[in-house]
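First, the structure itself, so that you have it in front of you.
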Amino acid sequence: MALSIQQLREDLESFAEALSREEYLTRAGLKEESGAAAIRERYALLGSRAVFEEIWAAAQAAPEAEGARRLAALAEFLGTTCVEYQARAANDQLATSEANQSLTLDGERLPLRSAESRIRNEPDRSRRAALEAARLCAVAELNDLRQEILEAHHREAVRLGFPGYTACCQALSGIDLAALRGLTQPILARSQDMYADVLTWHLRRWVGVPPREARRHDLARLFRAPEFDRSLPASRLREATEGPVRRMGIDPRAGGRIRVDDAARPRKTPRAFVATPRVPDEVILVVRPEGGGPDDYAAFLHELGHALHFAHIEGGAAVEDRRLGDASVTESYAFLLDGLLRERGWLKRFAGVSQPRDILRFAALHKLWLLRRYAAKLDYELLLHAEGPGARAAEAYRELLSRATLVEWPAEPYLADVDPFFYAARYLRAWIFEARLRDLLRERFDEEWYRNDRTGPFLLALWHQGQRHRLEDLARELGIGDPSIEPLLKQIADDLA
Ligand SMILES: [Zn+2]
């Protein structure tokens, strides 16, 4: 064997730290050129097929469950690292191009990464449409590069010995994607009427557009929800989001291990994220605030959920248990916190909203929209990875997303709107789990579980475990039964009632 397991772990730790710092700097808009490829080359052994094959074989043959679990997590990491290694130069080029790409409108140059924010904040529909058209052009300009990356991923999956990319992701993650598709597709039909009703109402009243004529940019405007800026102002965001964490007896900064970067920078990505240079000791929560409103609150709460989880993982645990494993687990904790926006008591007591019904309905609509979008995305990504990129995939993307969102959806982002290794599946699994976890918290720690100091130790004990247990095992341990979409749909229906 080229490396001992111990060396492999040490390499993994310093590689993950270096990569995380680099990604933080480029995505937060602090650095123009991405240098991730150089880091991958420095740790080329982690992207070597021979090392992957050895660990993969060892994981299959491991006699004892704990050892097999860690080896499987390591094999998943090595397999995805091999795949990413092949596309390292193109990936850097894409990250750099995305950060530097701009669009021109009426003689004004606007960074691509500021376009979505401008669209959301533009009340004039024709100006919004012009911004969206310019944005879509800029997105399409990078599609060749995205296609190159995707094809490199597909080729490497086969070289690793799998029949194709989907089979590779499935084998490495242990997630049955076809079964998940079977579980989540019914969400679309089951929630169709409820979604159509509440969407129509909001589009008419807030954006002044009948749903038949609505475009993606109208939805972006709808979800910006300036109506709620006064109810959920930027000035109260920190207190409202961190208040319940303190009430549960948890330090929202985890004793200084969590740092918040909420500075406004034009090249900062609009998508909030958490960087984890060191787990659990150095966690950076990155958001790009837009001046308040439900989206800023939801983004902050979501990333706070991730940050709290990472910052409370057992420090002495093996690197596999701190850094690797099923990301559906951390997404569940993030959804648990952003779900506070759908808790009447939180809106009243922590956000100071005296009449929470409108925000509650709005937040439920937003959640349902996300859920429908991701159910469609999983369906689409299975097709994309089976057929490969091209006109057919772009058309399928447009059609499936239009059908799920009930709004005419553009085809151009058909490669930009795809996270590698079916990350969409992690979100879907997490939503399904989180609804059951929320029901459990309500049962055990009262309806307003986020005000109960007994909830804190319960959550801390879960966070402490990192991602060593898969969601299925965690659900069994908590006694919340098999995966089902029922609790999820019921909670949304209750909030919309
Ligand atoms: Zn997340």
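The values are calculated or read from the model by the stated rules, or taken from the named source; none is laboratory data. The structure displayed is predicted, hence computed values, not measured ones. Cβ placement follows ideal geometry from the backbone for every residue including glycine, while neighbour counts extend to all protein chains displayed. Protein only, heavy atoms only, side chains kept; ligands, DNA and RNA dropped before computing areas. Shrake-Rupley method; radii C 1.70, N 1.55, O 1.52, S 1.80 Å.
Give segment 324-340 a look and list any residue that's within 16 Å of the ligand (Cβ to nearest atom), of a type outside the set (Asp, Glu) and modelled with pLDDT of 95 or more, or say none.
Let us first name the residues in segment 324-340 that are within 16 Å of the ligand (Cβ to nearest atom), namely 325-340.
Subsequent filtering for residues that are of a type outside the set (Asp, Glu) retains 325, 327-330, 332-337, 339-340.
Once the filter is applied, which keeps residues that are within 16 Å of the ligand (Cβ to nearest atom), of a type outside the set (Asp, Glu) and modelled with pLDDT of 95 or more, segment 324-340 yields Ala327, Ser328, Val329, Thr330, Ser332, Tyr333, Ala334, Phe335, Leu336, Leu337, Gly339, Leu340.
Quick one: which of Glu66, Glu10, Glu76, Glu53 is out of contact with any Gly (no Cβ under 7 Å at 6 or more places or on another chain) and modelled with pLDDT under 90? Spell out the reasoning first.
On the way: Glu10 fails: modelled with pLDDT under 90; Glu76 fails: modelled with pLDDT under 90; Glu53 fails: modelled with pLDDT under 90.
Exactly one residue qualifies, and that residue is Glu66.
Filter segment 468-492 for residues that are acidic (Asp, Glu) and assigned to a helix (DSSP H, G or I); which is surrounded by the most Cβ atoms within 10 Å (Cβ to Cβ)?
The selected residue is Glu472.
Still on this structure: Within segment 210-223, restricting attention to residues that are over 13 Å from Arg125 (Cα atoms) and touching a residue at least 60 places away in the same chain (Cβ under 8 Å), which residue is least open to solvent (accessible area, probe 1.4 Å)?
Looking at residues that are over 13 Å from Arg125 (Cα atoms) and touching a residue at least 60 places away in the same chain (Cβ under 8 Å), I get Phe223.
Just wondering, is there one or more residues in segment 349-367 that are modelled with pLDDT of 95 or more, within 16 Å of the ligand (Cβ to nearest atom) and open to solvent by 10 Å² or more (accessible area, probe 1.4 Å)?
Yes, because at least one residue in segment 349-367 is modelled with pLDDT of 95 or more, within 16 Å of the ligand (Cβ to nearest atom) and open to solvent by 10 Å² or more (accessible area, probe 1.4 Å).
Return yes when Arg373 is within 16 Å of the ligand (Cβ to nearest atom), in a loop (DSSP other than H, G, I, E, B) and either modelled with pLDDT under 95 or open to solvent by 10 Å² or more (accessible area, probe 1.4 Å) (or both) and no when it is not.
Values: within 16 Å of the ligand (Cβ to nearest atom): yes; in a loop (DSSP other than H, G, I, E, B): no; either modelled with pLDDT under 95 or open to solvent by 10 Å² or more (accessible area, probe 1.4 Å) (or both): yes.
Spelling it out, it is not the case that Arg373 is within 16 Å of the ligand (Cβ to nearest atom), in a loop (DSSP other than H, G, I, E, B) and either modelled with pLDDT under 95 or open to solvent by 10 Å² or more (accessible area, probe 1.4 Å) (or both).
Among the candidates Asp453, Asp446, Asp417, which residue alone is surrounded by 15 or more Cβ atoms within 10 Å (Cβ to Cβ) and acidic (Asp, Glu)?
On inspection, the qualifying residue turns out to be Asp417.
If you don't mind, there's one more thing I want to ask. For segment 302-317, give me the residue count where each residue is more than 11 Å from the ligand (Cβ to nearest atom) and open to solvent by less than 30 Å² (accessible area, probe 1.4 Å).
Number satisfying all stated conditions: 4.
Which one of Asp453, Asp417 is in contact (Cβ under 8 Å) with a residue 40 or more places away in the chain, assigned to a loop (DSSP other than H, G, I, E, B) and under 30 Å from Glu76 (Cα atoms)? It would help to see each step written out before you state the result.
Working: Asp453 fails: under 30 Å from Glu76 (Cα atoms).
Matching residue, one of Asp453, Asp417: Asp417.
Okay, next question. For the subset of segment 150-184 comprising residues that are under 22 Å from Ala59 (Cβ atoms) and among the acidic types (Asp, Glu), which member is most open to solvent (accessible area, probe 1.4 Å)?
The qualifying residue most open to solvent (accessible area, probe 1.4 Å) is Asp176.
A follow-up question, please. Do we have any residue at all in segment 242-260 that's within 30 Å of Gly352 (Cα to Cα), touching a residue at least 60 places away in the same chain (Cβ under 8 Å) and within 16 Å of the ligand (Cβ to nearest atom)?
no
Please go through segment 292-301 and pick out each residue that is open to solvent by 10 Å² or more (accessible area, probe 1.4 Å) and within 12 Å of the ligand (Cβ to nearest atom).
Ala298, Ala299
If you go through segment 186-209 one residue at a time, do you hit one that is closer than 30 Å to Glu76 by Cα and either surrounded by 15 or more Cβ atoms within 10 Å (Cβ to Cβ) or among the charged types (D, E, K, R) (or both)?
Yes - at least one qualifying residue is present in segment 186-209.
Same structure again: Given the residues Pro289, Pro226, Pro277, Pro270, which is the only one that is at pLDDT 95 or above and either open to solvent by 10 Å² or more (accessible area, probe 1.4 Å) or away from the ligand (no atom under 16 Å from the Cβ) (or both)? First the steps, then the outcome.
Numbers: Pro289 fails: at pLDDT 95 or above; Pro226 fails: at pLDDT 95 or above; Pro270 fails: at pLDDT 95 or above.
Of the residues listed, the single one that is at pLDDT 95 or above and either open to solvent by 10 Å² or more (accessible area, probe 1.4 Å) or away from the ligand (no atom under 16 Å from the Cβ) (or both) is Pro277.
Quick one: count up the residues across segment 384-411 that are touching a residue at least 40 places away in the same chain (Cβ under 8 Å), in a helix (DSSP H, G or I), among the aliphatic types (A, V, I, L, M) and open to solvent by 20 Å² or more (accessible area, probe 1.4 Å).
So the count comes out to 1.
Taking helices (runs of 4 or more DSSP H) that do not extend beyond segment 149-238, which have at least 2 residues that are closer than 30 Å to Phe52 by Cα and under 24 Å from the mean Cα position of the chain (by Cα)?
Values: elements: 165-173, 177-184, 186-202, 216-224.
Once the helices (runs of 4 or more DSSP H) in segment 149-238 are filtered for at least 2 residues that are closer than 30 Å to Phe52 by Cα and under 24 Å from the mean Cα position of the chain (by Cα), what remains is 165-173, 177-184.
Among the residues of segment 139-149, is any more than 23 Å from Ala89 (Cα to Cα) and either at pLDDT 95 or above or open to solvent by less than 20 Å² (accessible area, probe 1.4 Å) (or both)? Reasoning before the result, please.
Quick first cut of segment 139-149, residues more than 23 Å from Ala89 (Cα to Cα) only: none.
Within segment 139-149 (the criterion being more than 23 Å from Ala89 (Cα to Cα) and either at pLDDT 95 or above or open to solvent by less than 20 Å² (accessible area, probe 1.4 Å) (or both)), the answer is no, since none of the residues qualifies.
Quick one: Glu32 ticks every box in (1) part of a loop (DSSP other than H, G, I, E, B); (2) buried (at least 17 other Cβ atoms within 10 Å of the Cβ) except a single one, so which number is it?
(2)
Related question: Taking only pairs six or more apart or across chains, which ones have beta-carbon atoms under 7 Å, a first residue in segment 92-107 that is under 25 Å from Tyr24 (Cβ atoms), and a second residue that is of a type in the set (Ser, Thr, Tyr)?
Hits for this filter: Asp92/Ser34; Ala95/Thr26; Ala95/Ser34; Thr96/Ser34; Ala99/Thr26.
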